[in-house]
Amino acid sequence: MIIDYAKVGLKVGLEIHQQLNVNSKLFCSCPPELFKEEPEITFLRRLRPTQSELGQIDPAAFFEFQKGVKILYEANQRSSCLVEMDEEPPHPINIDAVEVVLTASLMMNMQPVDEVHVMRKTVIDGSNTTGFQRTTIIALDGWINVKDKKIPIQAASLEEDAARKTGTQDEGKTIRYRIDRLGIPLIEVATAPVIYSPKEAQEVAFAIGRILRDTGKVMRGLGTIRQDLNVSIPDGALIEIKGVQALDLISTVVEYEVQRQLGLLAVKEELAKRGVTAEKITSDFTDVTSIFKETKSKVIRKAIDKKQKALAVKLPGFAGLLGRELMPNFRVGSELSDRAKFWGRVGGIFHTDEMPNYGITAEEVNALRDAVGAGDGDSVVFVADTEENALDALKAVVERSQEACVGVPAETRTAKDDGTTRYMRPRPGAARMYPETDIPPYEITEESIAKVQANLPEPADKKLVRLIGQYGLNDKLAKQLIDSEYNQLFEEVVKNTGVVASTVAAFLTETIKAIKRDGVETENIQHNQIYDIFKAVGSGSLTKEAIIDVFIWLSKNEAKTVQDAVEALDLKLFSESDLALIIDEILHENKLQIEKMGKNAFGMLMGVVMKKVRGKANPELVSKLIHERIT
Amino acid sequence: MGELENSGYRGEALQLLKQADCNVGDILKVSSKGHVYEGILIPRFGDGGAIIIKMKSGYNIGIRPTADIKIEKIGKGSKPTFAAPPLPKQNTSLPHVVIMSTGGTIASRVDYRTGAVRSALSASDLYGVVPELSELAQVDTEIVFSLYSENITPQHWTELTQVIAKRIEQGVEGLVIAHGTDTMAYTSAALSFSLQNLPVPVILVGAQRSSDRPSSDAATDLIGAVKFAGEAPFAGVGLAMHETVSDNSIVVHRGTKVRKCHTSRRDTFKSINGFPLANVKNNIVTMIADDYLQRDPNRKLLVKPNFSDKVALVKFHPGLNPSVIDFYVENGMKGILLEGSGLGHVSKNCFEAIKNAIEKGVVVALASQCIWGRVNMNVYDTGRDLLSFGVIPLKDMFPETGLVKLMWVLGQTSELDAATKLLKTNIAGEYSPRTLMQEEKLQFEGGQ
């Protein structure tokens, strides 16, 4: 779909979050590490909305509380202490983390605040054991240049990362969260909503990401950076999209969101044309369990065997609309289904626009239509689960269908890996924040600002000029390097290993990009591993030709060294005497040719030998040994 | 202007705010270093001279009163109003429980604007925080004190005893006393001695996390305490708090056998040298102990509210200067609780001072600083010597309960022999004849 975004009136604001690479968490001395093993510690909690502010309580959280939702936290001793468990007051703020945010702020021309005050932002979905997230503003009111446009940066904050959800149990009544991530320092950079196209959103995110990287103090790899996008169009709604993990997905996410909103507006028009109004969609639920007594549908069969219920509701005038696509693999029916999953804790819903299918027969569909009194122009939605869950699910379906008559509901959505988004929760009310009185205010003095200012990383444009001049890189390679996450690593490698600058640069940009395209998980490789690879090349114990093989092997074998790779891949270089023996043998085999061609046989011989010893011998040495033997 | 004077601002910041005629809660426009900030003036919190404003985004920031700062008042503050939720209907078939507040974390509410914590425990506050209470009991509330528990004195124990006694005479199914946790176990021991022959439960309850937090333990502790007070078959003084760091079990400890054992954890209270009385799980009361007084509304309460404040606690440590003991004796102390080492020892350097104290008519008792276990002063010479001077061993009583008992005993009689006899008599389960193997439960209990 080609969309004229200026005409549509698209506005995007960005919030970039990135974990900081400092030694400990923000309010305690635990290392910022995650764990994969079974938890050593579990504990069960309930979070209750505090009544004094009832009007502002997050409706989703209040709903979960009323349903008796409990949270089972998982922890281990290595990554969490009593602070993350909300069993000990927080320690004073991590000063190293404040300094990283100060550095980034000054690079974005921002004004640091004189005194840092930590706030509690109420969050009661369980992602924070306290029921609030600790967050603080470090600097305000800056700007960056992106493609000659001045983008205002509203605020740079420092906050604690949340616990990560690891699953649910007891029919959705218990949510599991792992608290290893809780408390890892995050920087949040927020732009004003002055971005007008998907492409521009991506460029701005990229520019901010580069500044954060240039601080040299942010984590890398999947899950360490999360972009939130605020997307709105005038007739649609302000949608908050959470957790876009990859930078290059941002433009797609924005495109799809505009498509979705335009699609929903078209649905609204169509419903109006059909005379469907919100009032006509009612919560009249029918128990249709008996229709499916003999069903072949596995999902419904399973529910009926567990003595659960099948409930159905009529959506008047919706026929054909539920199948309408809003984003790739996402239809109007998916909007209903997402809501049902969230509010009703069900696995999904069925609707007649996709029937007969999934083992449900035409006879069953007809019986269903009769049971709820649906005509040809109507759709029927049904769900099989415990009665409580099924009721909640259909209530959510009705509510969402009513909203379809009005337009686009404002909500918080979460981004998928393909750039589409899913319903996450309703938009929280005005964020309730109050002071974290357990943490004393922290003063940012003029001296500390001056100190950070004096040590600011080199700005990207200056660095580009320098890289070209100092290392003799061509323009294209230098630009790619600046845009990559490896530009600091590049200089370290070149300075300390003796490998030619252009070789290093080409590998860190073009080669890595190419093998990433081929599906190699390049983010698994740590910078120090890359450094070690070049160190081995520089010292002559690894050939240039073997770099890619070692790199790929390391990406597949976690926590291994370059040495391990060399052994596993059998890349140990031949000693000169072993190499000489191999060459002698090949010379012997090609005796006749050599006699015929004399010195001209060199090229042919070089080819034969290298084929045999590739990756395990330096071509220079092979060349020398052959030359010695055929002159 | 009073509010500004009491807002914590001093010096330059106070001067500037006065000049601009600003008060806490007013909306200010502050320009500094070429930037302009708008927000509500917040009281000064923590050290430091910066002016704190709450911006529209909800964040607070501090702005230093530098030479080029400009402050302009652009709006008057409105007082935050707290709209209490309507009181739920009382279910007259439920037991009648009185909740008394003495202060502390459990009885506090936060002012979301400033973050200041204020004490509050009216019935509507309570129902607001814990609506489930209306399904457990007909609750009546009474604010007795609003004190951090470190400020509670034996005088307050006496007052509290009398207030409780009055309520019991009027007829209630149970009482719950909300209390700061720091000295809550001292109070539970004190009430165990001052309220004898109780017809119903008197349950102390506290919180380790303030009730403004969604994660507060206040609500679950209170629910457990009210449930237990209203319907447990037990009569006597108990203390209800989290059993583990999970929210699924509230444990009730015996008033004389409980101690705060952790600075911050929810399950800070532990039964020492004895097992808990009961627990409340999934809204069900389960008695663990079998040696307790049965609830009996017709039993006649004995009120013995007096405590002496002429009692000192002396913790023995290597190098303890015996003149510390002399000092107490010279200053008119009537009782000294020695916190001895191990089975019940203090250095022979202190012998003269101890002998002197006892000769002057001071009651000298001894409990072990080990906390866990029983004093036995017959094993080593030191113990035997102390016994021969007339030091009274407090068996399996840990020092805090021993101290409170000594205060209570000397509040009942000033006669030495009578005091010694009373001290040795088991009044409220403070002594147990047997020391049982008591394994620490798994520290972290999750799941159901």
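The values are calculated or read from the model by the stated rules, or taken from the named source; none is laboratory data. All figures in this text were calculated on a predicted structure; none of them were measured in a lab. Using ideal geometry, Cβ is built from the backbone for each residue, glycine included, and neighbour counts are taken over all protein chains shown.
For residues that are surrounded by fewer than 24 Cβ atoms within 10 Å (Cβ to Cβ) and within 13 Å of chain A (Cβ to nearest Cβ), tally how many sit in region B:216-241.
Of the residues in region B:216-241, 2 are surrounded by fewer than 24 Cβ atoms within 10 Å (Cβ to Cβ) and within 13 Å of chain A (Cβ to nearest Cβ).
Could you figure out which of (1) within 14 Å of chain A (Cβ to nearest Cβ); (2) modelled with pLDDT of 95 or more isn't true of B:LYS421?
Among (1) within 14 Å of chain A (Cβ to nearest Cβ); (2) modelled with pLDDT of 95 or more, the lone unmet condition for B:LYS421 is (1).
So A:ARG220 ticks every box in (1) charged (D, E, K, R); (2) over 30 Å from A:VAL452 (Cα atoms); (3) out of contact with any Pro (no Cβ under 9 Å at 6 or more places or on another chain); (4) not in a strand (DSSP E or B) but one. Which box is left unticked?
Every condition holds for A:ARG220 apart from (2).
Is it the case that A:VAL365 is hydrophobic (A, V, I, L, M, F, W, C) and modelled with pLDDT of 95 or more?
Numbers: hydrophobic (A, V, I, L, M, F, W, C): yes; modelled with pLDDT of 95 or more: no.
No.
Scan region B:316-327 and tell me whether some residue there is aromatic (Phe, Trp, Tyr), over 18 Å from B:ALA367 (Cα atoms) and outside any strand (DSSP E or B). Full working, then the answer.
Here is the first cut: in region B:316-327, the ones aromatic (Phe, Trp, Tyr) are B:316, B:327.
When the remaining residues are screened for being over 18 Å from B:ALA367 (Cα atoms), the result is B:327.
Still in the list and also outside any strand (DSSP E or B): B:327.
Yes, the conditions are met somewhere in region B:316-327.
In region A:212-229, is there at least one residue being at pLDDT 95 or above and in contact with a helix residue (DSSP H, G or I) (Cβ under 7 Å, 6 or more places away or on another chain)?
Looking for residues that are at pLDDT 95 or above and in contact with a helix residue (DSSP H, G or I) (Cβ under 7 Å, 6 or more places away or on another chain), one finds at least one in region A:212-229, hence yes.
From the list B:ASP291, B:ASP296, pick out the single residue that is surrounded by fewer than 22 Cβ atoms within 10 Å (Cβ to Cβ), at pLDDT below 95 and more than 14 Å from chain A (Cβ to nearest Cβ).
Numbers: B:ASP296 fails: at pLDDT below 95.
Being surrounded by fewer than 22 Cβ atoms within 10 Å (Cβ to Cβ), at pLDDT below 95 and more than 14 Å from chain A (Cβ to nearest Cβ) holds for just one of B:ASP291, B:ASP296, which is B:ASP291.
Do we find that A:GLU200 is more than 17 Å from the chain's Cα centre (by Cα), charged (D, E, K, R) and on the phi > 0 side of the Ramachandran plot in this structure? Even if it seems obvious, please write down each step before you answer.
Details: more than 17 Å from the chain's Cα centre (by Cα): yes; charged (D, E, K, R): yes; on the phi > 0 side of the Ramachandran plot: no.
So A:GLU200 fails the test.
If we scan region B:378-389, do we find a residue that is closer than 20 Å to B:LYS260 by Cα, outside the structural domain of B:ALA235 (by TED's automatic domain parsing) and not charged (D, E, K, R)?
First pass over region B:378-389, keeping only residues closer than 20 Å to B:LYS260 by Cα: none.
No, region B:378-389 has no match at all.
Note down all Cβ pairs under 8 Å where the first residue falls in region B:144-157 and is touching a residue at least 60 places away in the same chain (Cβ under 8 Å), the second is outside any helix (DSSP H, G or I), and they're at least six residues apart or on different chains.
So the pair list comes out as B:THR153/B:ASP309; B:PRO154/B:PHE307; B:PRO154/B:SER308; B:PRO154/B:ASP309; B:GLN155/B:PHE307; B:GLN155/B:ASP309; B:TRP157/B:PRO305; B:TRP157/B:PHE307.
Against the definition (closer than 30 Å to A:GLN111 by Cα, out of contact with any strand residue (DSSP E or B) (no Cβ under 6 Å at 6 or more places or on another chain) and not β-branched (Val, Ile, Thr)), how does A:GLU446 come out, yes or no?
yes
Residues being more than 30 Å from A:VAL408 (Cβ to Cβ), among the polar types (S, T, N, Q) and surrounded by fewer than 12 Cβ atoms within 10 Å (Cβ to Cβ): count how many of those fall in region A:284-329.
Residues in region A:284-329 being more than 30 Å from A:VAL408 (Cβ to Cβ), among the polar types (S, T, N, Q) and surrounded by fewer than 12 Cβ atoms within 10 Å (Cβ to Cβ): 1 in total.
State the number of residues belonging to region B:256-285 that are touching a Phe, Trp or Tyr at 6+ places or on another chain (Cβ under 9 Å), more than 14 Å from chain A (Cβ to nearest Cβ) and part of a loop (DSSP other than H, G, I, E, B).
Result for region B:256-285: 5.
Specify which of the listed residues (A:ILE525, A:ILE548) is within 29 Å of the chain's Cα centre (by Cα), touching a residue at least 12 places away in the same chain (Cβ under 8 Å) and closer than 21 Å to A:MET610 by Cβ.
Values: A:ILE525 fails: closer than 21 Å to A:MET610 by Cβ.
Residue meeting the stated conditions: A:ILE548.
Any chance region B:134-151 includes a residue that's at pLDDT below 85 and within 14 Å of chain A (Cβ to nearest Cβ)?
no
How many of the residues making up region A:444-467 are surrounded by 16 or more Cβ atoms within 10 Å (Cβ to Cβ) and either acidic (Asp, Glu) or outside any loop (DSSP other than H, G, I, E, B) (or both)?
Of the residues in that region, 6 qualify.
In the list A:PRO426, A:PRO441, which residue meets the criterion of being crowded, with 19+ Cβ neighbours inside 10 Å and within 30 Å of A:VAL83 (Cα to Cα)?
Details: A:PRO426 fails: crowded, with 19+ Cβ neighbours inside 10 Å.
Selected residue: A:PRO441, the only one of A:PRO426, A:PRO441 that is crowded, with 19+ Cβ neighbours inside 10 Å and within 30 Å of A:VAL83 (Cα to Cα).
When you scan region B:36-46, do you find a residue that is within 11 Å of another protein chain (Cβ to nearest Cβ) and surrounded by fewer than 18 Cβ atoms within 10 Å (Cβ to Cβ), even just one?
yes
When you go through (1) assigned to a loop (DSSP other than H, G, I, E, B); (2) within 14 Å of chain A (Cβ to nearest Cβ); (3) buried (at least 22 other Cβ atoms within 10 Å of the Cβ) one by one for B:SER210, which number turns out not to apply?
With (1) assigned to a loop (DSSP other than H, G, I, E, B); (2) within 14 Å of chain A (Cβ to nearest Cβ); (3) buried (at least 22 other Cβ atoms within 10 Å of the Cβ) applied to B:SER210, the lone miss is (3).
Among the residues of region A:611-631, write down those that are under 43 Å from the mean Cα position of the chain (by Cα) and within 11 Å of A:ILE583 (Cα to Cα).
A:VAL613
Can you tell me which residue among B:ILE106, B:ILE74 is at pLDDT below 95, away from every other protein chain (no Cβ under 12 Å) and in a helix (DSSP H, G or I)?
Working: B:ILE74 fails: in a helix (DSSP H, G or I).
Matching residue, one of B:ILE106, B:ILE74: B:ILE106.
Please list, ordered by first then second residue, the pairs with beta carbon atoms under 7 Å, 6 or more apart or interchain, first in region A:282-306 and in the same structural domain as A:PRO356 (by TED's automatic domain parsing) and assigned to a helix (DSSP H, G or I), second among the basic types (Lys, Arg) and surrounded by 12 or more Cβ atoms within 10 Å (Cβ to Cβ).
A:THR289/A:LYS309
Identify, please: which residue in region A:59-106 is in contact with a strand residue (DSSP E or B) (Cβ under 6 Å, 6 or more places away or on another chain), closer than 22 Å to A:PRO31 by Cβ and of a type in the set (Val, Ile, Thr) and is, among those, nearest to the other protein chains (Cβ to nearest Cβ)?
If we take residues in region A:59-106 being in contact with a strand residue (DSSP E or B) (Cβ under 6 Å, 6 or more places away or on another chain), closer than 22 Å to A:PRO31 by Cβ and of a type in the set (Val, Ile, Thr), then A:ILE93 is nearest to the other protein chains (Cβ to nearest Cβ).
Based on this model, can you work out whether A:ILE153 counts as among the hydrophobic types (A, V, I, L, M, F, W, C), buried (at least 24 other Cβ atoms within 10 Å of the Cβ) and within 10 Å of chain B (Cβ to nearest Cβ)?
Numbers: among the hydrophobic types (A, V, I, L, M, F, W, C): yes; buried (at least 24 other Cβ atoms within 10 Å of the Cβ): yes; within 10 Å of chain B (Cβ to nearest Cβ): no.
It is false that A:ILE153 is among the hydrophobic types (A, V, I, L, M, F, W, C), buried (at least 24 other Cβ atoms within 10 Å of the Cβ) and within 10 Å of chain B (Cβ to nearest Cβ).
Regarding region A:131-143, can at least one residue be identified that is part of a loop (DSSP other than H, G, I, E, B) and either at the interface with chain B (Cβ under 8 Å from one of its Cβ atoms) or at pLDDT 95 or above (or both)?
Residues of region A:131-143 that are part of a loop (DSSP other than H, G, I, E, B), as a first pass: A:131.
From the residues that got through so far, the ones that are either at the interface with chain B (Cβ under 8 Å from one of its Cβ atoms) or at pLDDT 95 or above (or both) too are A:131.
Yes, there is a match, as at least one residue in region A:131-143 is part of a loop (DSSP other than H, G, I, E, B) and either at the interface with chain B (Cβ under 8 Å from one of its Cβ atoms) or at pLDDT 95 or above (or both).
Among the residues of region A:161-177, what is the count of those that are surrounded by 21 or more Cβ atoms within 10 Å (Cβ to Cβ), within 14 Å of chain B (Cβ to nearest Cβ) and not small (Gly, Ala, Ser)?
First, the residues of region A:161-177 that are surrounded by 21 or more Cβ atoms within 10 Å (Cβ to Cβ): A:161, A:163, A:177.
So of that shortlist, the ones also within 14 Å of chain B (Cβ to nearest Cβ) come out as A:163, A:177.
The next check asks that each one be not small (Gly, Ala, Ser); those that pass are A:177.
Residues meeting the conditions: 1.
Could you run through region A:107-121 and say how many residues are of a type in the set (Val, Ile, Thr) and more than 7 Å from chain B (Cβ to nearest Cβ)? Walk me through how you get there before you give the answer.
To start, the set of residues in region A:107-121 that are of a type in the set (Val, Ile, Thr) comprises A:113, A:116, A:118.
From what is left, the residues that are more than 7 Å from chain B (Cβ to nearest Cβ) are A:116, A:118.
So the answer is 2.
Looking at region A:588-610, is at least one residue loosely packed, with under 14 Cβ neighbours inside 10 Å and among the β-branched types (Val, Ile, Thr)?
The initial filter retains those residues of region A:588-610 that are loosely packed, with under 14 Cβ neighbours inside 10 Å, namely A:588-589, A:591-592, A:595-596, A:598-600, A:603-604, A:607.
Narrowing the set further to residues that are among the β-branched types (Val, Ile, Thr) leaves none.
Within region A:588-610 (the criterion being loosely packed, with under 14 Cβ neighbours inside 10 Å and among the β-branched types (Val, Ile, Thr)), the answer is no, since none of the residues qualifies.
Restricting attention to region B:1-23, and to residues there that are closer than 16 Å to B:GLY77 by Cα and in a helix (DSSP H, G or I), which single residue is modelled with the lowest pLDDT?
Step one: filter region B:1-23 for residues closer than 16 Å to B:GLY77 by Cα, giving B:1-4, B:7, B:17-18, B:20-23.
Among the residues that remain, those that are also in a helix (DSSP H, G or I) are: B:2-4, B:17-18.
On the way: B:GLY2: 53, B:GLU3: 72, B:LEU4: 81, B:LEU17: 92, B:LYS18: 92.
Out of the qualifying residues, it is B:GLY2.
Would you please name the residue that is farthest from the other protein chains (Cβ to nearest Cβ), looking only at residues in region A:405-423 that are polar (S, T, N, Q) and either surrounded by fewer than 20 Cβ atoms within 10 Å (Cβ to Cβ) or part of a loop (DSSP other than H, G, I, E, B) (or both)? Walk me through how you get there before you give the answer.
If we filter region A:405-423 for residues that are polar (S, T, N, Q), which is where we start, we get A:412, A:414, A:420-421.
Subsequent filtering for residues that are either surrounded by fewer than 20 Cβ atoms within 10 Å (Cβ to Cβ) or part of a loop (DSSP other than H, G, I, E, B) (or both) retains A:412, A:414, A:420.
Numbers: A:THR412: 17, A:THR414: 22, A:THR420: 30 Å.
Residue satisfying both the conditions and the ranking: A:THR420.
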